[in-house]
Every structure is written in structure tokens, then in C-alpha cells.
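Report on the following structure.
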Amino acid sequence: SLEPLASDFYGYESMLTDQEKTALAAIRTYLENEVKPVVNGHWEKATFPHEIVKGLADLDVYRFGWDETKPFDNSAVFRGFVALELGRIDASVATHVGVQNGLAMGAISVTGSDEQRAEWLPRMAAGEIVGAFGLTEPTSGSDSAQGLKTTATRDGDEWVLNGEKRWIGHATFSDITVIWAKDTADNQVKGFIVPTDTAGYRATKIENKQSLRIVQNADITLTDVRIPESLRLQNANSFRDTAKVLRLTRAEVAWAAVGNSIGAYEAALRYTKERVQFGKPIASHQLIQDLLVKSIGNITASLGMVVRVSQMLDQGIQRDEHSALAKAYATARMRETVAWCREALGGNGIVLDYDVARHFADAEALYSYEGTREMNTLIVGRALTGFAAFV
Ligand code: FAD
């Protein structure tokens with residue numbers, strides 16, 4: 001059964017069904033017993049723990065949201081709590097699930113045909129096929145709605161892809177990468193399922209990252225990569241369709257950010273109750289309590305927001321600006337929170353072994369990927385004012 005999480009201060013988890021609580025408890029147990037003990041080591045070496053793919057697949061974590069044969073009705077609120085749980089243990093592992101389940105499976109589910117869903121999703125849910133999502137390019141990040149340079153040119157029953165991608169998570173070991181490219185005939189963004197053993201596809205790991213070191217990000221080059229029409233995502237006709245995927249995944253990043261904050265807060269609470277200075281635990285000093293209370297305040301406010309955004313998705317009323325506000329707000333509050341938690345540990349706050357340092361460093365990537373704070377702010381600003389201030 002699910003032990004209430006003390007850091008879920010207002011008890012939002014109590015809104016889950018008994019079945020969801022049982023599933024979440026199993027995920028929590030797996031993450032605490034099998035994943036938490038290995039993440040600092042992998043973070044230091046910048047390696048990915050491949051064995052967790054089977055472990056997470058066995059718990060159905062990749063399947064949530066996308067498969068008609070799902071074992072129970074998993075709501076967006078439940079999926080959010082899963083993302084929180086992943087982020088609480090490790091933001092890289094949360095990102096891994098976000099790439100597989102959210103971006104790669106999401107792209108196929110939202111913009112693929114029935115046949116494409118049936119062909120790819122079950123094997124991806126089982127962890128047999130690892131996917132990646134290639135949108136960002138060396139010269140196009142925030143402006144990828146208009147700035148993509150990768151091209152797709154139709155040639156009979158095939159498409160020829162040329163271009164470069166940057167930052168693509170999983171791409172050093174993915175079996176397929178969804179590549180977004182501009183159709184040279186109509187200049188619209190289309191999506192392609194690219195098997196990574198296709199001639200002309202090359203991925204190179206980005207080294208020396210100081211955030212989310214467990215996530216394997218890559219630069220990709222596509223040189224005359226030939227893809228059959230059957231691997232073009234049949235319902236991706238413009239960037240608006242790509243954005244439908246991002247709207248869903250942004251809300252999950254906001255949930256993972258709450259989880260990353262909770263991971264840092266729990267480590268700080270534990271440490272400050274044990275560490276003695278001036279003859280008593282530092283948790284009994286007023287200014288340390290202030291850091292902890294400000295942290296739980298940020299966590300609780302952000303959690304209330306992401307719960308509501310996911311409820312809106314479940315009700316079919318969530319719009320781009322709703323998930324954009326949650327992503328911008330929760331990641332900004334996370335950045336404050338992990339800094340306060342690091343501060344509460346003094347010098348040990350910068351040492352990997354004390355757990356806070358990893359959450360602190362990982363916050364930076366969550367803050368910037370899937371739309372920076374500025375881009376998500378401008379999405380909300382456009383909705384509020386009617387003026388698009390991007391350019
Ligand atoms: P830029 O777009 O160059 O932005 C730099 C700064 O300028 C930012 O602060 C930005 O907010 C600001 N800025 C830009 N335009 C404006 C404006 N109009 N007004 C105000 N400020 C502006 N991409 C994928 O496709 N797939 C992945 O799997 C993936 N994984 C990632 C994993 C990690 C760890 C990271 C760091 C990135 C990943 N990305 C991925 C890319 C990510 O989405 C981009 O980094 C992000 O969109 C920002 O783009 P950029 O880094 O090119 O920054």
C-alpha cells in the first residue's frame with residue numbers, strides 16, 4: 001500500500017484511486033530499492049543504467065497513457081504522480097521516461113496512424129524498442145517552430161532526409177528516432193520514424209554535461225537518409241501537430257520538477273535533523289527552518305498547479321498556455337528550492353554523496369528543455385494579451 005509522502009504536504013496523493021495507489025507504491029518501491037542506490041555512480045560517470053528499461057517496462061511505466069489495452073484507466077493526474085516519483089529519485093530517470101513515453105511514444109500516438117500506433121507502441125511500451133525525439137538543431141532551439149533547417153524531400157515512395165539535430169536524448173542508443181523535418185515541397189514540418197541503423201544516420205554523444213549527466217544526449221547528422229512513406233507520421237502535417245505532443249509533455253516536465261524539488265527537500269530535511277552545530281541539530285535553528293518551510297511552500301504551490309493542469313487534460317480543456325505556465329512556474333520554483341536545500345547542507349551540499357548536489361545540478365536542464373522559461377512565458381503572454389512577442 002502507498003505510504004503517504006510527508007513532502008506532499010496537503011495530501012494530493014489521496015485523490016488517486018486504490019488501484020492507482022497500488023501501482024504508484026510498486027513504482028516507488030522499485031525506484032527506491034533498485035534505482036536510487038545506483039544514480040550517483042551513473043551521474044558521476046555520465047552513463048545510463050540500461051537495466052532499468054526492463055524494470056520500468058515491467059511496472060508498465062512506458063505504457064501509461066498510450067495503450068488501449070492498459071490494465072486500468074490511468075488518468076493524467078496519475079501519470080503526473082508517476083513523473084513526480086521518478087523526479088524525486090532522479091531527474092535523469094524522469095527525463096528518460098519523458099523521452100520514451102512522452103516524446104517518442106507521444107509523437108507516434110498523437111501524430112501517427114492507427115497502423116503506426118499498433119506497430120510501434122506495444123514494443124516501445126515493453127521497452128523492446130527505445131525511441132528518441134529529434135526536434136532541436138544546432139541553429140534552432142527556441143525558434144524550432146519556424147527555424148528548422150533539416151529537410152525532407154519526397155522521392156517516389158521514399159523520403160530523403162538531410163540535416164543536423166542537437167541535444168537529442170537517448171539518441172546514442174535509441175532504436176528509432178522521430179525526426180522532425182521541413183517538407184521541401186510545402187515547407188511544412190513533418191515527422192518521420194527513423195530506424196537508427198538506416199544508412200546516413202549518425203549520432204555522437206554530447207560530452208561534459210554538468211546537468212542530467214545520466215541522460216545520453218547526442219548530436220545527429222542525417223545525410224541522404226532514405227525513409228519509406230510508411231514511416232512518415234501520417235497525421236503530422238505542420239508544426240501545430242508537433243506542438244500537440246509538446247503540450248502534453250510540458251505538463252509532465254512540470255511534475256518531474258516538483259519531484260526533483262522534493263528529492264532535494266527530503267535529503268535536506270534528513271540531513272538537517274542529524275547535523276549538529278552549536279550543540280543542537282541545525283534543523284532546530286530558526287533560519288534553517290525558514291529554508292525548509294520556503295521549500296515546502298514552493299513544492300506545495302507547484303504541486304497544486306500541476307494537479308489542476310492534469311485534471312484539465314483529463315477533462316479535455318487543457319490548452320498550450322496552461323501547461324506552459326505550469327512548466328515555467330514549477331521549474332522556476334524548483335530552481336529556488338534546490339538552491340535553498342543545497343544551502344541547508346553547507347559544504348556537503350556540493351558533494352554528490354549527500355544527494356542534494358545532483359538535484360541541484362539537474363534542475364538547470366529541466367529549467368531550459370521543452371521550452372525555456374522565456375518561451376513558456378511568451379506562450380502565456382500571447383494567450384493573455386493576444387500579442388505574440390516571440391519575434
Ligand atoms: P536558445 O533557443 O538559443 O535560447 C537561449 C536563450 O535565449 C534562452 O534563455 C531563451 O529563452 C532565450 N530566447 C530565445 N529566444 C527568445 C525570445 N524571443 N525572447 C526572449 N528570450 C529568448 N531537444 C529535442 O529535440 N529532443 C530532446 O530529446 C532534447 N533533450 C534535451 C535534453 C537536455 C539535457 C537539454 C539541455 C536540451 C534538450 N533538448 C532536446 C533541447 C531543448 O529543448 C533546447 O535546449 C531548448 O528548447 C532551448 O533551445 P536552445 O538550447 O537552442 O537555446
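Throughout, read-outs are computed from the coordinates displayed, never taken from laboratory work. Just so it is clear, the structure is predicted and the values come from calculations on it, not from any experiment. A quick note on method: Cβ atoms are made from the backbone with ideal geometry, for glycine too, and the neighbour counts reach across all protein chains shown.
A few notes on this one:
- Debye, to nearest 20: dipole size of the range 93-159, +1 on Lys, Arg Cβ, -1 on Asp, Glu Cβ: 240 debye
- Over the range 251-391, the hull volume per residue, using the convex hull of the C-alpha atoms, is 109 Å³.
- With 0.36 nm allotted per residue and the present C-alpha distance subtracted, the THR29-THR221 stretch has 65.1 nm of extension available.
- Prolate/oblate/rounded call for the range 54-139, Cα gyration tensor, a/c under 1.5 rounded: oblate
- On the beta carbon distance between ARG123 and GLU274, with R0 = 56 Å, the FRET formula returns roughly 0.75.
- Relative contact order computed over the range 265-372 (Cα-Cα under 8 Å; 6+ residues apart), in percent: 28 percent
- Relative contact order of the chain, pairs being alpha-carbon contacts under 8 Å that are 6 or more residues apart, as %: 17 percent
- Principal-axis analysis of the Cα atoms of the chain puts helix 36-45 at an angle of about 60° to the longest axis.
- Peptide packing for 347-355, 229-237 was compared via the average number of neighbouring C-beta atoms within 10 Å per residue; ordered from the highest value, the list is 229-237, 347-355.
- Ranked packing of 200-212, 270-282, most packed first, by mean Cβ within 10 Å: 200-212, 270-282
- Counting only Cβ charges, +1 for Lys and Arg and -1 for Asp and Glu, the dipole size of the range 42-145 around its Cα centre is about 180 debye.
- Each of PHE173, PHE360 was scored by other Cβ atoms within 10 Å of its Cβ. Arranged with the fewest first, they read PHE173, PHE360.
- For the range 215-233, the residues whose backbone nitrogen is under 15 Å from a point 7 Å from the Cα of THR151, taken along Cα to Cβ, are 222-226.
- Report note on the peptides 108-117, 78-87, 141-150, 123-132: ranked by the mean count of other C-beta atoms within 10 Å, highest first, their order is 78-87, 123-132, 108-117, 141-150.
- Overall form of the range 118-192 per C-alpha gyration tensor (a/c, 1.5; a/b vs b/c): oblate
- Computed magnitude of the charge dipole of the chain (debye, nearest 20; Cβ of K, R +1, Cβ of D, E -1): 1020 debye
- With Cα atoms, 0 to 90° folded angle of helix 18-30 axis to the chain main axis: 80 degrees
- Legend: calculated FRET efficiency, LEU352 to GLN311, from the Cβ-Cβ distance at R0 = 51 Å, rounded to 0.05, equals 0.90.
- Over the C-alpha atoms of the range 153-286, the Rg to Rh ratio, Rh being the Kirkwood estimate, stands at 1.23.
- The eigenvalues of the Cα gyration tensor, multiplied by 5 and square-rooted, give the chain an equivalent ellipsoid with semi-axes of 36, 21, 21 Å from largest to smallest.
- Cα-based helix-to-principal-axis angle, 239-274 vs the chain, degrees rounded to 10: 20 degrees
- Full extension of the chain between THR204 and VAL391 yields a length gain of 64.1 nm, computed as 0.36 nm times the residue separation minus the alpha carbon distance.
- DSSP bridge orientation in the range 130-216 - percent antiparallel, rounded to nearest 5: 70 percent
- Applying a threshold of 23 Å to the alpha-carbon distances of LYS36/LYS294; LYS21/LYS294; LYS149/LYS205; LYS36/LYS280; LYS36/LYS273 flags LYS36/LYS294; LYS21/LYS294; LYS36/LYS280 as lying beyond it.
- Net charge of neighbours whose Cβ lies under 11 Å from the Cβ of ASP155, counting Lys and Arg as +1 and Asp and Glu as -1: -2
- Averaging over all projection directions, the Cα-based convex hull of the range 1-109 occupies 7.1 nm² in the image plane.
- GLN318 long-range amide H proximity, modeled H, under 5 Å: LEU313
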